1. From the list [x] 43, 35, 27; [y] 45, 41, 23; [z] 44, 32, 24, can you say which value of Cα extents along the principal axes in Å was derived from the structure given?
2. Within the accessible area of segment 54-137, what % is carbon and sulfur when the probe is 1.4 Å and the other protein chains stay in place?
3. Determine the gain in length on full extension of the stretch Arg115-Glu41; use 0.36 nm per residue of separation and subtract their C-alpha separation, reporting nm with one decimal.
4. What does a probe at Asp31 reach in segment 67-83, counting residues whose amide N is under 15 Å from the point 7 Å along Cα→Cβ?
5. Highest first, please rank the peptides 79-86, 14-21 by the mean number of other Cβ atoms sitting within 10 Å of their residues.
6. Among 129-137, 100-108, how do they line up from the highest to the lowest mean number of other beta-carbon atoms within 10 Å?
7. Tell me, what is the per residue accessible area of the chain in Å², probe radius 1.4 Å?
Amino acid sequence: RVGRQVRAVPTIRPWLATMRATVAASAGDADETLTALRDAEWALRGQQQPSWSFIYPFTASTLLAYTGRCYVRLGLYKAAVPALREALHGTRRTKQRAVLLLDLARALGNGDEARELVIEARQIGQEFQSQKVLARV
């Protein structure tokens, strides 16, 4: 149970919980993933001050992005789609957007919309010269 024993400073608790969720999802542990995502949501609700400046701002949209990505890793595509769509809403043209587009395309399957998302992700990957993004396209 990664990170459960670490006493986290309140401002990084949501981030730490999403890291636990990501590890659990990668290991295929749905129960631990959902527990960690719930912990992240509670920690985010209880957060009284913004995240530290050396960590990108952790917002409800950030949590939705991690939630969607974890669901994709677990193969829970129907649950991933709304979370990823919401996380993408208003997301600027960044490498993170490209990664989310690829996850959403995976969740959607082989349809036209998924192909369009892959094209946009590829363009972003080329624009930023991101090997991480281009390797996934």
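1. Computing Cα extents along the principal axes in Å and matching it to [x] 43, 35, 27; [y] 45, 41, 23; [z] 44, 32, 24 gives [z].
2. 52 percent
3. Once the chain is fully extended between Arg115 and Glu41, it gains 23.5 nm.
4. What the label zone holds, given the 15 Å backbone N cut-off, is no residue at all.
5. The peptides rank, most packed first, as 14-21, 79-86.
6. The densest-packed peptide leads the list: 100-108, 129-137.
7. In whole numbers, the chain has 60 Å² accessible per residue.
The values are calculated or read from the model by the stated rules, or taken from the named source; none is laboratory data. Everything quoted here is computed from the prediction, not taken from an experiment. Here the Cβ is made from the backbone with ideal geometry for all residues, glycine too, and neighbour counts use every protein chain on show. Note: areas computed on protein heavy atoms with side chains; ligands, DNA, RNA excluded. Shrake-Rupley method; radii C 1.70, N 1.55, O 1.52, S 1.80 Å.
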